[in-house]
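Undergrad: Got a structure for you, written out below as structure tokens; questions coming shortly.
The values are calculated or read from the model by the stated rules, or taken from the named source; none is laboratory data. Since the structure is predicted, the reported quantities are computational estimates derived from the model, not experimental observations. Reconstructed Cβ throughout: ideal geometry from the backbone, glycine too, with neighbour counts over all protein chains shown.
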Amino acid sequence: MPNIIVVGTQWGDEGKGKIVHLLAKDADVIVRYQGGANAGHTVIDHRAQYTFHMIPSGILHPGKTCILGNGMVIDPAALLEEIELLESQQIPVRENFLISHRAHLILPYHRAIERANEKLKGPRRIGTTGRGIGPSYADKMGRTGIRMCDLLDPTGFRKILEANLAEMNLLFNRLYDAESMDLEKIFETYCGYGERLKSHVVDISLLINDLIDRSKTVLFEGAQGTHLDVDHGTYPFVTSSSSTAGGACTGTGVGPTRINEVIGVTKAYTTRVGSGPFPTELLGDAGNGLKTRGNEFGATTGRPRRCGWYDAVAVKYAVRVNGLSSLAVTKLDVLDGEPEIKLCTSYLYDGKHYTDMPLNEAIINSCEPVYEVLEGWETPTSGATLYQELPEPAKRFIERVEVLAGCKVDIVSTGSRENETIIIRNPLVTEKQ
Ligand code: IMP
């Protein structure tokens, strides 16, 4: 059976949650490979509405193994809260849920450092989600991180925590003018989390590779989006992890030769939360229609998302850096009723047209988006389940998305519910066996 990666092609919030949930039906294992509780998505199935931050939404399908990969940074308090909330909605999370022993932890000092740092940065602040993601990844790379496996060895855990906290408290006192953090309190609290989570902690690389050997299907779930990737995104206005397809391998311990396809989820327009360049942004009232109709408010922070037209330059870049095999276009219905639909085909800067993403932040910041204007459609696409049902202008939009991206569209989402979807080809049940 094919193993696939699902990634976002824009700045996150493309509707990956719904697509992953849909594809998860035909997968055996769903694994998140990067990020942490900075992600957030809502899934509506026939029973209720559920909000996810870390746990793959595949958990809603009985019997699927859901895994948090080693590439993630896990806040155990937030994770336990998420488990409890889902359990209160009658989802038996603990029966099918595993965590990599190599996943890094978020500690209270990570959140505190992030808050202080963002404040210090002033206008150059990233506009982070405030979940301690960046500082935890910084510790991982600085080789002072604390991992899930450390939590299961209280003596070792205490030693690393003691050393880290000594440094952190110096920073708090001398640089940030903040209170010291108490070692005993953090140690006790985190040992408690360790006790509650330890039965889920395993070597996921061993497990997933073994499952692939036994012809099981694995779905690698990316969080955030291509342009928030720490290497390939609009640096420094990015998250701190590898949200592109390559992250799926390092974030799980599964080699690239074991993965068959990469699906890029792309919204029919563009949104972005937090600071950073956004060439097709519609400022002021212009973006409000999309914001309201698309309900563009963050599932994690509740922040309103910045909205703008579809950016084909950004998506073409995502096709390249992820090696996408196909696209899933979401929220087509949000464009219903627009008299005309715009797609940005190049960026104009200093008299030069850029059809490939420029590397220079100044160009992305100050370029003028050049648009191709398509006729809108009056017949609603909302809830459509067959491609033939779409009005002709909507089909033309999808066709232009394909041509400009150089990648075919397999799935079109026409509403937030599971069944409001057009599946042209299901990458998990066709071909590549
Ligand atoms: P961090 O991931 O909290 O460090 O935030 C870094 C940047 O990524 C900020 O601009 C956030 O708004 C953005 N970001 C992080 N996670 C998401 C997400 O799931 N969707 C959209 N934007 C995100």
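Undergrad: So, Asp231, is that one within 16 Å of the ligand (Cβ to nearest atom), assigned by TED's automatic domain parsing to the domain that holds Asn260 and among the charged types (D, E, K, R) or not?
TA: Considered against the rule, which asks whether it is within 16 Å of the ligand (Cβ to nearest atom), assigned by TED's automatic domain parsing to the domain that holds Asn260 and among the charged types (D, E, K, R), Asp231 comes out as yes.
Undergrad: How many residues are in a helix (DSSP H, G or I) and either within 16 Å of the ligand (Cβ to nearest atom) or at pLDDT below 95 (or both) if we restrict to the range 253-287?
TA: Residues meeting the conditions: 4.
Undergrad: Pairs needed: first member in the range 33-53, on the phi > 0 side of the Ramachandran plot and in contact (Cβ under 8 Å) with a residue 12 or more places away in the chain; second member anywhere, within 9 Å of the ligand (Cβ to nearest atom) and outside any loop (DSSP other than H, G, I, E, B); C-beta distance under 8 Å; at least 6 residues apart or different chains.
TA: What qualifies is Gly35/Ile133.
Undergrad: Given Ala248, Ala223, Ala268, which one is in contact with a Leu (Cβ under 6 Å, 6 or more places away or on another chain) and either crowded, with 24+ Cβ neighbours inside 10 Å or among the charged types (D, E, K, R) (or both)?
TA: Exactly one residue qualifies, and that residue is Ala268.
Undergrad: When residues of the range 141-159 are filtered for being touching a strand residue (DSSP E or B) at 6+ places or on another chain (Cβ under 9 Å) and more than 16 Å from the ligand (Cβ to nearest atom), how many remain?
TA: Qualifying residue count, the range 141-159: 7.
Undergrad: I've got another one for you. Across the range 25-48, what is the number of residues that are outside any loop (DSSP other than H, G, I, E, B), more than 16 Å from the ligand (Cβ to nearest atom) and modelled with pLDDT under 95?
TA: Counting residues in the range 25-48 that are outside any loop (DSSP other than H, G, I, E, B), more than 16 Å from the ligand (Cβ to nearest atom) and modelled with pLDDT under 95 gives 1.
Undergrad: In the range 288-304, what residues are within 14 Å of the ligand (Cβ to nearest atom) and outside any loop (DSSP other than H, G, I, E, B)?
TA: Within the range 288-304, Phe297, Pro304 meet the criteria.
Undergrad: OK, next. For the range 115-140, enumerate the residues that are more than 25 Å from Thr250 (Cα to Cα), within 11 Å of the ligand (Cβ to nearest atom) and without any contact (Cβ under 8 Å) to a residue 40 or more places away in the chain.
TA: Matches in the range 115-140: Asn117, Glu118.
Undergrad: For the range 99-139, which positions are of a type in the set (Val, Ile, Thr), modelled with pLDDT of 95 or more and closer than 20 Å to Thr301 by Cα?
TA: Result: Ile106, Ile133.
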